[in-house]
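The values are calculated or read from the model by the stated rules, or taken from the named source; none is laboratory data. Because the structure is predicted, anything quoted here is derived from the model rather than measured. Note: ideal-geometry Cβ built from the backbone for every residue, glycine included; neighbour counts use all protein chains shown.
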Amino acid sequence: MQTLQFLNKTHMPSFALSLVLLISLSSLTSSCTEHERGPLLQFLAELSQDGGLAASWQNDTDCCKWEGITCRSPDRAVTDVSLASRGLEGSISPFLGNLTSLLRLNLSCNSLSGGLPLELVSSSSITILDVSFNQLNGTLHELPSSTPSRPLQVLNISSNLFAGHFPSTTWKVMEKLVTLNASNNSFTGGSIPPSLGNCSRLRELGAGYNNLSGVIPNELFNATSLEYLSFPNNDLHGAIDGTDITNLRNLVTLDLGRNSFSGKIPVSIGQLKKLEELRLDNNNMSGELPSALSNCTNLITIDLKSNNFSGELTKVNFSLLPNLRTLDVFLNNFSGKVPESLYSCSNLTALRLAGNNLSGQLSPQIGNLKYLTFMSLTDNSFKNITNALHILKRCKNLTTLLIALNFRGEIMPKDDKIDGFENLQVLGIGGCELSGQIPHWISKLGNLQILVLADNRLNGSIPVWIKTLSNLFYLDISNNSFTGRIPTAIMDMPMLKSEKSKAHLDPRVFELPVYSSPSRQYRVPTALPKVLDLSKNKFTGVIPLEIGQMKALLSLNFSFNHLTGHIPQSICNLTKLQVLDLSANNLTVQLQPL
């Protein structure tokens with residue numbers, strides 16, 4: 001009993017002391033340390049616009065509770081700084097590198113300027129660093145090859161203003177790098193660093209839209225984990241090495257478009273069985289397509305436009321590509337017929353065969369392409385426009401149909417049984433030297449917004465039903481043989497009358513860019529102006545006074561006709577007009593009295 005009392009007497013104070021110490025320690029670790037708070041406040045001080053952070057980032061409060069800050073338990077160390085899209089301006093403080101437990105730093109989509117501090121790239125803790133979509137500039141500092149291995153796994157510096165040579169030695173110490181995105185900057189002169197081939201875990205590599213030059217180094221093909229390889233819009237050249245590329249068996253995306261690559265597509269590309277996206281557009285490549293391309297059975301996108309490829313498309317068995325959604329071979333030298341196997345690609349949504357030497361008639365099998373929304377056959381040598389339209393009307397989802405510069409010398413079909421184009425928004429049948437008149441079946445295209453019948457031999461008058469096409473805002477019937485007066489019905493086109501009217505083109509219209517000339521392409525519907533072009537015809541009489549109703553017009557062209565009389569004063573009501581051409585007529589100007 002005495003022993004028990006002794007123990008109670010001697011241990012009670014000890015227990016109380018322990019409790020006090022525990023409470024004290026708890027209060028000490030319940031908030032971040034000065035070591036953590038200091039670098040964050042220094043970062044805040046170097047911002048010229050803080051996006052409202054100052055209201056949360058108070059010196060006398062727990063920085064683990066600040067906006068955008070995450071700490072770990074139990075030591076309350078800062079692990080995440082997430083400040084994307086906060087309207088931040090100013091420079092990035094190198095003091096952020098003093099956050100020794102920081103794992104993830106996201107400052108993307110702001111307006112930060114200045115350089116990227118070396119302390120962040122060389123951090124011994126940061127695994128994800130994202131400063132994309134800012135205004136950072138200058139050069140990227142090199143890390144010496146003697147630097148210990150760094151833990152960085154994701155580095156995204158895309159869409160900034162970085163310039164100078166692309167780093168070369170830095171990647172030797174980035175053994176854990178999985179993603180590197182340096183696209184859309186201004187890196188110049190330098191080539192792709194061979195040391196990137198040492199990054200054995202690298203899965204995504206993008207450096208497009210820069211000014212990189214040289215060839216793809218053989219060492220890069222040692223990065224066998226690569227799934228995404230993207231270098232578009234640079235000045236890279238040389239041929240694609242058929243032996244080395246087989247190392248990249250995991251490749252899903254290969255984008256080398258808009259460079260200066262030459263040579264053929266190697267037969268060995270057929271060994272890239274996981275490939276889904278192949279973009280080699282706008283290069284100097286040539287030769288026939290390898291039949292082995294059919295072995296890439298997961299392909300979704302094939303973009304080969306603007307090269308010098310030749311031969312027949314039938315070399316490829318497209319029936320083995322069931323996932324294909326986009327095929328673009330615009331501006332090449334392909335000849336022969338459209339391969340029947342292509343019509344087995346039931347998921348195809350965009351098909352552009354324009355600017356080649358293809359010939360023959362369209363196959364009835366094209367009706368199998370139930371999901372096709374964009375089709376361009378422009379500038380080939382296809383025959384039988386009546387048959388083509390009867391076949392194409394079965395593609396119920398078509399929003400864009402461009403068949404200009406074909407069917408030369410044929411007659412514009414006026415068969416009212418040409419229907420089924422209920423979703424069509426863009427129709428281009430220009431440059432075909434077609435004779436006949438504007439056919440009545442066009443009046444059934446209730447969703448039509450753009451109609452181009454220019455450069456044909458069409459005659460007669462403009463039909464009164466033109467005003468019933470309530471969505472039409474772009475009409476070009478120039479360089480034909482239309483006669484008679486300009487009808488007042490054309491002045492009642494709803495989309496050209498109302499200044500508040502906006503084009504509502506389906507985004508699928510621009511599944512692929514629409515080209516109006518080699519130097520001009522439209523990628524978004526809002527880029528297209530409201531146009532009325534009746535030039536180079538045989539219209540007579542006066543310009544109707546009702547011309548003043550077309551207040552939404554941006555471009556009006558009545559040039560090279562036989563119009564007479566005064567230019568109506570009401571034309572001054574067209575306050576949005578940017579282009580007006582009334583030349584080569586017999587018009588006069590009526591001067592107003594002073």
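Figures for the structure shown
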{"item": "Test: residue in region 258-270 that is surrounded by 17 or more Cβ atoms within 10 Å (Cβ to Cβ), in a helix (DSSP H, G or I) and hydrophobic (A, V, I, L, M, F, W, C)", "result": "yes"}
{"item": "Residue in region 534-541 that is aliphatic (A, V, I, L, M) and either within 20 Å of Asn456 (Cβ to Cβ) or modelled with pLDDT under 95 (or both) present", "result": "yes"}
{"item": "Flag for Ser517 being modelled with pLDDT under 95 and under 23 Å from Val464 (Cβ atoms)", "result": "no"}
{"item": "Single condition Arg203 does not satisfy, out of (1) farther than 20 Å from Ser159 by Cβ; (2) out of contact with any Ser or Thr (no Cβ under 6 Å at 6 or more places or on another chain); (3) not polar (S, T, N, Q)", "result": "(2)"}
{"item": "Only listed residue being of a type in the set (Phe, Trp, Tyr) and within 25 Å of the chain's Cα centre (by Cα), chosen from Phe407, Phe382, Phe330", "result": "Phe330"}
{"item": "Flag for Leu105 being aliphatic (A, V, I, L, M), part of a loop (DSSP other than H, G, I, E, B) and surrounded by 21 or more Cβ atoms within 10 Å (Cβ to Cβ)", "result": "no"}
{"item": "Sole residue being under 21 Å from Leu453 (Cβ atoms) and without any contact (Cβ under 8 Å) to a residue 60 or more places away in the chain, chosen from Thr540, Thr564", "result": "Thr540"}
{"item": "Among residues of region 411-455, those that are under 27 Å from the mean Cα position of the chain (by Cα) and among the polar types (S, T, N, Q), counted", "result": "4"}
{"item": "Meets criteria (touching an Asp or Glu at 6+ places or on another chain (Cβ under 6 Å), at pLDDT below 95, over 15 Å from Thr400 (Cβ atoms) and surrounded by fewer than 21 Cβ atoms within 10 Å (Cβ to Cβ)) for Lys417", "result": "no"}
{"item": "Cys395 being at pLDDT 95 or above, at negative phi and under 32 Å from the mean Cα position of the chain (by Cα)", "result": "no"}
{"item": "Contacts under 6 angstrom Cβ, first residue in region 85-100 being more than 14 Å from Ser124 (Cβ to Cβ), partner part of a helix (DSSP H, G or I) and aromatic (Phe, Trp, Tyr), 6 or more apart", "result": "Ser93/Phe43"}
{"item": "Members of region 108-139 that are assigned to a helix (DSSP H, G or I) and either surrounded by fewer than 21 Cβ atoms within 10 Å (Cβ to Cβ) or of a type in the set (Gly, Ala, Ser) (or both)", "result": "Leu118, Glu119"}
{"item": "Residue that is surrounded by the most Cβ atoms within 10 Å (Cβ to Cβ) [pool: residues in region 552-572 that are within 14 Å of Val531 (Cβ to Cβ) and not aromatic (Phe, Trp, Tyr)]", "result": "Leu553"}
{"item": "Enumerated strands (runs of 3 or more DSSP E) restricted to region 546-594, each holding at least 3 residues that are modelled with pLDDT of 95 or more and not acidic (Asp, Glu)", "result": "562-566"}
{"item": "Near pairs, Cβ below 8 angstrom, 6+ apart or cross-chain, from region 60-79 (at positive phi) to any residue that is in a strand (DSSP E or B) and crowded, with 19+ Cβ neighbours inside 10 Å", "result": "Gly68/Val81"}
{"item": "All positions within region 446-461 that are more than 14 Å from Tyr474 (Cα to Cα) and surrounded by 18 or more Cβ atoms within 10 Å (Cβ to Cβ)", "result": "Asp455, Asn456, Leu458"}
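To keep it simple, each residue is scored yes or no on (1) free of Cβ contacts under 8 Å to residues at least 40 places away in the same chain; (2) part of a loop (DSSP other than H, G, I, E, B); (3) among the hydroxyl-bearing types (Ser, Thr, Tyr); (4) surrounded by 21 or more Cβ atoms within 10 Å (Cβ to Cβ).
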| site | (1), (2), (3), (4) |
| --- | --- |
| Met285 | yes, no, no, yes |
| Leu293 | yes, no, no, yes |
| Gly311 | yes, no, no, no |
| Phe334 | yes, no, no, yes |
| Tyr343 | yes, no, yes, no |
| Asn347 | yes, yes, no, no |
| Ile366 | yes, no, no, no |
| Thr386 | yes, no, yes, no |
